[in-house]
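As structure tokens, the structure follows; a few thoughts come after it.
What follows is calculated from the coordinates using simple rules that are stated; it is not laboratory data. These numbers were taken from a predicted model, which means no experiment stands behind them. Heads up, the Cβs are rebuilt from the backbone with ideal geometry, glycines too, and the neighbour counts pull from every protein chain shown.
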Amino acid sequence: MSEKRAGEAANTAVKDDRATTKTDTVGKPAVEIDEKPVDDTPPTGIAALIAKVMALKPVRVFLRFGSSGGEIMASGMSFQAVFAIFAGIWVGFSIFGIVLAGNQDLMDAVVAQLSNAIPGLIGEDGAIDPKALSEARILGWTGAIALVGLVLTAVGWLASTRDSIRRLFKLDPPTTNPVLLKLKDFGLALAFGVAIILSSAVSLISNQGLSLAFDLLGIDTRSPFAAVAGWLVGVLVVFVFDSLVLAAAFRVLSGVKIPRRRLLAGAAIGGAALGVLKILGSQLLGGATSNPLLASFAVIIGIMIFLNLVCRVILISATWIAVGMEDAGLDPRALTPEQLEVERQKRVAAARDTLVSAERERLQNQLETVHGLARRRVRKRIERLDELDHAEAVKLVEKR
């Protein structure tokens, strides 16, 4: 009977988070729900407009991005990305330089791809001279230093990106073996370099195919129409490349369980945003680096500003997917129904434990103010609550 009474008192903990305890007319501890009148009248006027705006998905995405520390995470990622990119480009051209040196068209396509990806990075007025890249070799001491820098910076940037994305999904860091995780990041860095070369080759082949098609149709390749068509093909190739890279970052790098449809949609949104950044990159960087005091290192500042914007796009795209999954009730951990039921039972047990602890504290305080038979009754009720901790049916917390 004591367990039954204690169970009935504890079960009320899950009915409402406003449960309170009191003593009834005979001094018996009881639980009741503090029901408060709820105003169901819908807001009107400005309040209604504000409520509608706050309910919009883009607004909720930016709010979650800010509340999760997205600004700080994007800044840290962009700082690491600067060093990772320079080391990666040097080592990449050192490794693939032999292949690229034998095909000048492919070499130019790779340089153009990198230049379009990060305005101001490579070129006559950029931070890197293309001629110096063609002479890069990994066998020298400079190549060895750059290789060590690539391992430390590129892998570190990927690790920061993974942790930032998982934080936006409200997930803990992965529990994978740290050594295996670093090897995975290094493999992804190499795969990214290979993907740049492949996308450059696709862009080169598509441009050559487009020129051949214009020749067959009798269209002048120097006409405005041909120029616009070639530009659109280049934009499409870059969009597909960026979208695939983002999808790999969200799914493979971070290890988040994202449904394919939502993954592709979020990656496409991010790829489109990155495309707009690249198209407007020169204008954006030109305005940001117009200060004459910064002229001596304006290129580096411009690259850092651009990379900061890119990192923001990456994290905001991840936040878009996270908010969409939350709205649909999808758990990014991909738990089984049995695991979800275990978590539900733990939450119920925690609620019961909170209620019983509050009741025990109230009785302990009451024990100091009563005497005689009343004191004995209070002690009996404390003993019943203690028995509740050992009852199998209403187990409060998991014993570890």
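By other beta-carbon atoms within 10 Å, ranking M73, M54, M304 with the fewest at the front produces M54, M304, M73. When the C-alpha to C-alpha distance is required to be over 23 Å, the pairs from K170/K346; K52/K170; K57/K170; K184/K346; K170/K257 that qualify are K52/K170; K184/K346.
Counting beta carbons within 10 Å around each of I205, I303 and listing the fewest first gives the order I205, I303. Exposure proxy for V237, V256: other Cβ atoms within 10 Å of each Cβ, ordered fewest to most, give V237, V256.
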